[in-house]
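Below: one structure, written as structure tokens.
Only the coordinates and a few stated rules stand behind these numbers; no lab work does. Just so we're clear, the structure is a prediction, and the values are computed from it rather than from any experiment. Here the Cβ positions follow ideal geometry from the backbone for every residue, glycine too, while neighbour counts run over all protein chains shown.
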Ligand SMILES: [Zn+2]
């Protein structure tokens, strides 16, 4: 499977300047190619005899003009603009496949990065060799063995990192302990609630550091534009943002590692985060916790252990159903944390009940898929009570680049 190891770099000043220049060149090439793509596509729409744009043709086009028009591009590795244009092609591919929005221009200072193809760099112990630059020290040696595919050098606050993608041959991790399937409800009051009743409280980094964040933002806005004090403030603020992101990432990694280590099947809901983000009160907690990141980690970690992640249908009303008798309530406003089922009298903790429903949903889907493969039962029948809709979307098994914490 593809896995990416992100390692902090230890560049000297000269090397850091080279990174910034390469990232700038990559951004320029990306934006240039995106603009050209739009222009050429419009032209093709008007006149079908013209060629359709492609990353190959745009790379050729840039190569033909860069010496004359953008001579500064030659100061850094040719890989920086080339890979950026390949990424424009990928962005369009993802857009057409419905996996991503229409590509947008890159902005300076927002995820500055450039990518190298595997023939352009080499990693040895705690060093990486970058073209036109030489060896740069890294903080730790590569954790995975296998075919090295690419490396992306990126800036986070004022630090540089390299993320090396490896097609790893590492033997899969030990199988999950046999604690069976578990339902996990991701929530607002707790990071996660398990069907076992256990609650995992998230770190909510924003809440704790929000005061500092506000103070720093205010102080930044008071500094004169272009002043060195403003630069200092900006770096401080970026560092704080990076720290918050690290706290969040760490908590998620701990949770997903624990879940996949102890349970072979994890059932979660398909959260419509975009819709939930529209609710201002929910937005911060959800942004803090990163649900998509949670799901991504869970999926790749389960895959490494041969486990299964099941995603319940988006419309599955995990909070409204009584996990004891299966009767569905009409309303379940978010402020209700505990309720009594009017039909069977069970007292429910909102989140634990939802997690139990998710587990039941997963179990039903599992037994349904084995039963239907034996040809004895049709899947997805709407029944009464506990046997509800059982269509389940298995976690995607496509190879995804996954990040390992630093
Ligand atoms: Zn009930």
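Show me 194-201, 61-68 ranked by packing, highest mean number of other Cβ atoms within 10 Å first. Please list the in-between numbers first.
On the way: 194-201: 16.5, 61-68: 13.4.
Ranking, from highest mean packing down: 194-201, 61-68.
What is the gain in length, in nm to one decimal, between residue 218 and residue 68 on full extension, counting 0.36 nm per residue of separation less the C-alpha to C-alpha distance? Kindly include the intermediate steps, with their values, before the conclusion.
Working: separation 150, 0.36 × 150 = 54.00 nm, distance 4.44 nm.
The residue 218-residue 68 span can extend by a further 49.6 nm.
Can you figure out the FRET efficiency of residue 175 with residue 270, using R₀ = 30 Å and their beta-carbon distance, to the nearest 0.05?
0.70
How many times 2.2 N^0.38 Å is the alpha carbon radius of gyration of segment 301-353?
Numbers: Rg = 14.3 Å, N = 53, 2.2 N^0.38 = 9.9 Å.
My calculation over the Cα atoms of segment 301-353 gives 1.44.
In 10 Å bins starting at zero, report the fraction of Cα pairs in segment 10-83 per bin as a rounded %.
19, 43, 24, 11, 3, 0
Highest mean first, what order results for 228-240, 93-105, 210-222 on Cβ atoms within 10 Å?
Details: 228-240: 14.8, 93-105: 10.7, 210-222: 12.8.
So the order, starting with the most tightly packed, is 228-240, 210-222, 93-105.
How much length, in nm to one decimal, is gained on full extension between residue 232 and residue 149, taken as 0.36 nm per residue of separation minus their Cα-Cα distance?
Fully extending the segment from residue 232 to residue 149 adds 26.2 nm.
After finding the eigenvalues of the alpha carbon gyration tensor for segment 82-136, what semi-axes result from the square roots of 5 times each, listed largest first in whole Å?
For segment 82-136, the ellipsoid semi-axes come out as 29, 13, 9 Å.
What ranking of 344, 324, 368 emerges when the number of other C-beta atoms within 10 Å of each C-beta is taken as an exposure proxy, fewest first?
Ordered from fewest to most neighbouring Cβ atoms within 10 Å, 344, 324, 368 come out as 344, 324, 368.
Can you bin segment 49-204 into rounded, prolate or oblate? Criterion: square roots of the alpha carbon gyration tensor eigenvalues sorted a ≥ b ≥ c, rounded for a/c under 1.5, prolate for a/b above b/c, oblate for the rest.
Values: a/c = 2.22, a/b = 1.62, b/c = 1.38.
It comes out prolate by the Cα gyration axes.
Under the 0.36 nm per residue contour assumption, what length would be gained going from the current alpha-carbon distance of residue 31 and residue 157 to full extension?
43.1 nm
What does the C-alpha gyration tensor say about the overall shape of segment 29-140? Classify as rounded when a/c is under 1.5, otherwise prolate if a/b is larger than b/c, or oblate.
Note, shape of segment 29-140 comes out prolate.
Can you put 253, 348 in order, fewest other beta carbons within 10 Å first? List each step's numbers first, then the result.
Numbers: 253 17, 348 21.
Lowest count first: 253, 348.
Quick check: pseudo-label points 7 Å beyond the Cα along Cα→Cβ at residue 48 and residue 167, how many nm apart are they?
Distance between label points: 3.8 nm.
Given Cα pairs under 8 Å that are at least 6 residues apart, what percent is the relative contact order of segment 55-171?
Relative CO of segment 55-171 lands at 18 percent.
Hey, can you rank 294-301, 112-119, 13-20 by average C-beta count inside 10 Å, highest first?
Ranking, from highest mean packing down: 294-301, 112-119, 13-20.
Can you sort 37, 315 by how many other beta carbons sit within 10 Å, fewest first?
Going from least to most buried by this count: 315, 37.
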